Amino acid sequence: MYNVLGTGLTAILLYSISYFFCRINVISLQLHRRVWNIILAVTFVVTAFAGIFLALQINYKWDIPLIKSILKLHVEMGAGLSVTGFLHLIRHLSYFTSRAGRQEQLVSPIVADVKKTYPGIASNLFLVGFISSSVQLLLLREIMIITGGYEIIAGAFLFSWLTGSAVGSALAPRSSLNDIRKINLIFATGTLLPVILMVIFSRLFLKPGETPSFLTGIIFTFLVLLPFCLISGYTFIKLVTSGKAINIVPGRSFSTETAGGIVAGILVSLLSAGILNTYQSLLLIIILGISFTVLSFFITNEYQNVVFKVAVLIVSAIIITLSPDVLFRQILLKGIKVTETEDTPYGNLTKGIYHNEISQYYNQRLLIYKNDVIESEEDIHYGLLQSDSVENILLISGPLESRMKEIMKYRISRLVYVERDPALSGASLMADEPTMPAPEIENDDAFSYVRSTNQKFDAVLMLLPPPSSLLLNRYYTFEFFSNIKKRLNNDGIFSCSPGINPEYFNSESIKLYSSVFNSLKAVFKNVIPIAGNKLYFIASDKVLSTKICSMVSAKNLNNSYVGCGYFSDDLISSKSDDVLALMDSKISNNSLTRPIACYYYQSFSLSKNLNEKLPSIILLGLLFAFSIRYFKPGNAVMFFSASALAGYEIILMLMLQLTIGNMYQLAGLIIAGVMAGLAVGSGMKIPFSGKKKVVTKVLLLSLFYAITGLSTGWIMEIESHLFLTFLLVLAGFLPAMITGSFFRDLTSGQAADRESSAVYSADLSGSALGFIAFTGLAIPLLGIEMSLLVLPGLVLTGYLFTGITRKR
């Protein structure tokens, strides 16, 4: 299927936004033309070459690989070329209709620099920082939900955010728009753009319940964020310029804006604890920004002031009382009648009706539905059939109702169900099965529960999804399996499924499953694979069997699917032996500090669509190149230290996720700690401040990163969640303070706006490079500890570049 409509609408939307920025003097007419002429050239070249390949294949019967992909590329790029060309034609129609054929002039409205130096610049900067960071955190949560939640998307999100802001800050000194009123109005209304674009692009390109590919996820994220981030960076530099007019140094402006981000991080963390849903919070933040702008710059009459405030209070009350999230989920989950939705600290739970059947969706993926007999029986019986006598069972996550019906066929005496999200465990409880004993519900992270509990079990059945993210990866690590064994009685059984049964195992899937299999073998004496609809690994110190049919008959179980009616012992054993033969003992164990299973899972997902592999690599290369675009040797220490801090920040959030298991809620505190350090470092004179003390700060920063890297193992073993959170927030504050002082050193005494803009762009682009490099490459390949030890090298590289530049 060709996305002709989606491609066309995307081109129209982006062209309209670009032209709007041009009309309000955010970007120049020349830049607008240059960007779209480049897009025209690229789409023309790709369409032309794809057409040539198609002609060769049709006329000369050439066997050209990936011909279907080339055809799709030809059609969709042709659609983009046609729409862009048509828009360009409309814009330049005056060339053909004008008698003299005179050159088009962009008529800009005459604006006065009203309140360019108004005394409320500090509160304006604070609010810009607050709104930008609030929107950032809320959009990060929502885009992670929509795109599947794996960390490379988080890296792509932060990369896109910072890159867009860097572009905006670079454009600001070249723009003729200096009216603070209009700049604030553009910023306030611009907060609507990412929400609108996210909804439109989700409907056009994403399918409900499906995790988008790596390539689609990155492009989706970049297009959604770019317009608002450009506005955000542009607004900040313009406000810094206004601050200079009343003797506010750029470092102080940066500190004030960052302080708003700190408050946003704390507030969003509190709101994400189940107080408000995501779209409720987003709309309230948007209303706050628009209200500030209107009341500060456009309403002077006291009566109008009161009326406007009352109207804002009424609209806000309606948003809080009648949650708009149901409407947004209805738009995103097309084909499903959404009846209820709830955001929790861990994700989103939505209930809906599809073909007159009630289903539940977690993070927009189908979780609980009726008649899931095949999956229910496989999840339970492959593991429990191995046990001679099972009384106490630990069930980790999964739909409780349907799985418990299968578990009760074994006449157990006790079932403990661990699910970190109370909304899920509450949604799964049964009210129509009075003969079943009530399960013991533990709303705790399974990793933490298994590590801390003293209870023993005859079987542990883990029904968590595959290791697609670092959060899920930790349940497939050597450390987790070791803790599981400590909670099992003698000859206890453990069952898990690291992914689908692909029938054909390519090299990526072999590496993925081998890393989990080898981790299990390092803990348990016996591990067998059973290939059902998913690939299951059964582990125990007792002898295990693949004779499923015989064991079902011996236990006299009345199953609908797992039994002799559909199964053959010989066939199951043969498939298990085949899978066992493919397991590569040379693949390293999966661990917390080196999460290779997560990396192999992403490689496996990418291998399912080979047509996207090369474009994905090219896109990553372009992202890296674009980040380096704003690198200048004179600002090298800012660029590389910002890159190191960004990598460090993402590592801190991942360490929090690996140990506590809650990135959505507590990530705001980590970000707030980093931003607090940046605010203090850029806004205050700290010890060793000044350009002559740069080498001292570089050495301190490098030493701190090295010590943190060497302490990784100790940090990951801390069991107190409160102390660990405090430690990670503090660990983010200290290096951020030193990094922020570099901004103050490089911008102090600079009179030209372009100098502040250049330093800020270096800061943002360096951070963008750090986010994408560490989430996409360093952490999956090197692990957390080695990635931390790379950071001192980055900081020292920046200092060396700066030193070489000074000598010249």
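The values are calculated or read from the model by the stated rules, or taken from the named source; none is laboratory data. Being a predicted model, the structure only gives us computed values, none of them experimental. Because the Cβ atoms are built from the backbone with ideal geometry, glycine has one as well, and the counts that use them run over all protein chains shown. Side chains are part of the model used for accessible areas, which takes the heavy atoms of the whole protein and leaves out ligands, DNA and RNA. Shrake-Rupley method; radii C 1.70, N 1.55, O 1.52, S 1.80 Å.
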* To do: Tell me which residues, restricted to segment 713-733, are at pLDDT below 85 and among the small types (Gly, Ala, Ser).
  => GLY713, SER720
* Does segment 665-684 contain at least one residue that is in a loop (DSSP other than H, G, I, E, B) and either more than 27 Å from LEU722 (Cα to Cα) or modelled with pLDDT of 65 or more (or both)? -> yes
* Restrict the check to segment 599-607 and report whether at least one residue is within 31 Å of the chain's Cα centre (by Cα), more than 28 Å from LEU788 (Cβ to Cβ) and modelled with pLDDT under 85. => yes
* Asked: Can you tell me which residues in segment 170-182 are surrounded by 18 or more Cβ atoms within 10 Å (Cβ to Cβ) and in a loop (DSSP other than H, G, I, E, B)?
  -> SER175, LEU177, ASP179
* **Every residue from segment 362-396 that is open to solvent by 20 Å² or more (accessible area, probe 1.4 Å) and more than 21 Å from THR546 (Cα to Cα)** => TYR362, ASN363, ARG365, LEU366, LEU367, ILE368, TYR369, LYS370, ASN371, GLU391, ASN392
* Residue among SER296, SER359, SER323 that is part of a helix (DSSP H, G or I) and open to solvent by less than 60 Å² (accessible area, probe 1.4 Å) -> SER296
* Kindly indicate whether any position in segment 484-507 is more than 26 Å from SER607 (Cβ to Cβ) and among the acidic types (Asp, Glu). => yes
* Looking at VAL249, is it aliphatic (A, V, I, L, M), without any contact (Cβ under 8 Å) to a residue 12 or more places away in the chain and more than 26 Å from TYR362 (Cα to Cα)? -> no
* Of ILE374, ILE393, which residue is part of a strand (DSSP E or B) and more than 28 Å from the chain's Cα centre (by Cα)? -> ILE393
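Residues checked against (1) open to solvent by 10 Å² or more (accessible area, probe 1.4 Å); (2) at pLDDT below 90; (3) closer than 27 Å to ASP343 by Cβ:
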site: ARG411; (1), (2), (3): yes, yes, no
site: LEU424; (1), (2), (3): yes, yes, yes
site: SER428; (1), (2), (3): no, yes, yes
site: ALA431; (1), (2), (3): yes, yes, yes
site: MET436; (1), (2), (3): yes, yes, no
site: ARG451; (1), (2), (3): yes, yes, no
site: ASP458; (1), (2), (3): yes, no, no
site: LYS486; (1), (2), (3): yes, no, no
* Asked: So is ILE618 surrounded by fewer than 24 Cβ atoms within 10 Å (Cβ to Cβ), among the aliphatic types (A, V, I, L, M), in a helix (DSSP H, G or I) and modelled with pLDDT of 90 or more or not?
  -> no
* To do: Go through segment 541-596 and give me each residue that's of a type in the set (A, V, I, L, M), touching a residue at least 40 places away in the same chain (Cβ under 8 Å) and assigned to a loop (DSSP other than H, G, I, E, B).
  => LEU544, LEU557, VAL562, MET583, ILE587, LEU592
* **ILE266 being modelled with pLDDT of 85 or more, surrounded by fewer than 19 Cβ atoms within 10 Å (Cβ to Cβ) and in a helix (DSSP H, G or I)** => no
* Structure fact -> Counting only residues in segment 216-253 that are among the hydrophobic types (A, V, I, L, M, F, W, C) and farther than 24 Å from ASN25 by Cα, the one farthest from the chain's Cα centre (by Cα) is identified as ILE246
* Could you look through segment 183-232, keep only residues that are in a helix (DSSP H, G or I) and of a type in the set (Ser, Thr, Tyr), and pick out the one that is most open to solvent (accessible area, probe 1.4 Å)? => THR189
